[in-house]
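Below is one structure, written out as structure tokens, with a few remarks after it.
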Amino acid sequence: MSSSDHALMPSTLPSTQNAASQFIRLAETRREPLHFFIDGQEVAALQGDTLLTAVLMQQRRVRESEFSGAPRAGFCLIGACQDCWMRTEDGKRVRACSTPVTEGMRVLTRIAAVVTSAGAADENGEAR
Ligand code: FES
């Protein structure tokens, strides 16, 4: 591993990194890139990223709480706390910390986005 793989500063972030993100990639920067969609916006990730990593490399939350609307970003990162559930555009629930991001995957961070993007969800965000 070269010194360029470590301690990335915002001015030297790779194209898969957003300056407003929760996570900063410090290693394994040379994996193959892929693209997926967050609330309809195309973004980049790297092969092997979990969905949680891929989303938090772009922004500071994976979803809004169904009860308070507060932003959630996962807690345990190991599949135990249930804080990182997300919706795909077709209404499926996925646990972001244990789901690999895949090319073309389409995820939503808001229930309202389910209705807007998929056009096939009820008031609870369940697919029809
Ligand atoms: S972050 Fe805890 S279950 Fe995913």
Item to complete: Working carefully through the options A112, A80, A20, find the one that is modelled with pLDDT under 95 and in a loop (DSSP other than H, G, I, E, B).
Response: A20
Discussion item. Quick check on R63: is it over 19 Å from A20 (Cα atoms) and either buried (at least 19 other Cβ atoms within 10 Å of the Cβ) or within 16 Å of the ligand (Cβ to nearest atom) (or both)?
Written reply: no
Worksheet entry | Selected residue (criterion: nearest to the ligand (Cβ to nearest atom)) from residues of the range 51-60 that are surrounded by 23 or more Cβ atoms within 10 Å (Cβ to Cβ) and assigned to a helix (DSSP H, G or I) | L52
Item to complete: Can you confirm whether the range 33-52 contains a residue that is at pLDDT 95 or above, polar (S, T, N, Q) and in contact with a helix residue (DSSP H, G or I) (Cβ under 8 Å, 6 or more places away or on another chain)?
Response: yes
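Quickly run through the range 72-88 and pick out the residues that are among the β-branched types (V, I, T) and either near the ligand (Cβ under 6 Å from one of its atoms) or under 13 Å from S98 (Cα atoms) (or both).
Of the residues in the range 72-88, the ones among the β-branched types (V, I, T) are 78, 88.
The answer is I78, and nothing else.
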Worksheet item: Listed residues A96, A45; which is under 10 Å from the mean Cα position of the chain (by Cα) and away from the ligand (no atom under 14 Å from the Cβ)?
Response: A45
Fill in: Given (1) in contact with a Ser or Thr (Cβ under 7 Å, 6 or more places away or on another chain); (2) more than 6 Å from the ligand (Cβ to nearest atom), number of the condition G69 does not satisfy
(1)
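What do you reckon, is G91 more than 14 Å from the ligand (Cβ to nearest atom), free of Cβ contacts under 8 Å to residues at least 40 places away in the same chain, of a type outside the set (D, E, K, R) and closer than 17 Å to F36 by Cα? So that I can check it myself, show each step before the final result.
On the way: more than 14 Å from the ligand (Cβ to nearest atom): yes; free of Cβ contacts under 8 Å to residues at least 40 places away in the same chain: yes; of a type outside the set (D, E, K, R): yes; closer than 17 Å to F36 by Cα: yes.
Yes, satisfied.
The values are calculated or read from the model by the stated rules, or taken from the named source; none is laboratory data. The structure presented is a predicted model; accordingly, all values stated were derived computationally and were not measured. So basically every Cβ, Gly included, is an ideal-geometry build from the backbone, and we count neighbours across all protein chains shown.
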